[in-house]
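What follows is a single structure, written as structure tokens, with notes after it.
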């Protein structure tokens, strides 16, 4: 049996860029105030054409890594993490359209000391209007998944969506079943233990899948609302909304199908596939 690799206590940030625009500069500016530690930043670029990653890479602590194609989110993060040296034991995975609260990264790192079995740590995520995004959730079981998928848009207050999103849970430090991939601090040893993100998820559900696999491997996903960030959202996905909607539905089906294998699940999965196809058609027309 191969011994797990030992890492240092260094910190790096890996963010996936796809023509991120001016938000990337704000991301880096606020990151400087989020920690007193020296932080190496890797931009895993999936084919930007706006020049923003190249401009950002002029900073001394920023490394630009071209993935060679649009690999999707999880695969690009894996590529960025692979660039890091063994001195890096903590990796922040974050979207480039975030703004960090002062001291927020240090707050996450301090919290990690209180949770020795913590594999991933997520901050409180605010939207631009100040609304708190439900970023620490339950896993989408078959029942919750179907209910949320079918009624989430037409009946936002349905019990399946409320349970899945954990919107009524108090913003207290606690464990969750998965954390939003838009911003989380991961213990590199934990990330390695599950082989990182599953590259089959082009976009969406890669964070749900990661949280599930971390939990099954004995790690905890921990919500740390004392650390805060603001997520503008939609900077890259808005440019290809129909494609992103299709990717979301494909990933939702893949997640459920991976966890419900065998002949007995075939009828239920067929119904889910049809329901998701209908939902996708309606949402594509709306978009």
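Things worth noting here:
- Net lengthening on full extension, residue 106/residue 129 (0.36 nm per residue, minus Cα-Cα): 5.8 nm
- Taking a ≥ b ≥ c as the square roots of the eigenvalues of the alpha carbon gyration tensor, the range 1-147 is rounded, as a/c is under 1.5.
- Of all DSSP beta bridges confined to the range 10-233, the antiparallel ones make up roughly 40%.
- Exposure proxy order (Cβ contacts within 10 Å, fewest to most) of 132, 229: 132, 229
- The slack between residue 33 and residue 54, meaning 0.36 nm per residue of separation minus the straight C-alpha distance, is 5.4 nm.
Each value in this text was obtained by applying a stated rule to the coordinates, not by laboratory testing. Because the structure is a prediction, the values reported are computed rather than measured. A quick note on method: Cβ atoms are made from the backbone with ideal geometry, for glycine too, and the neighbour counts reach across all protein chains shown.
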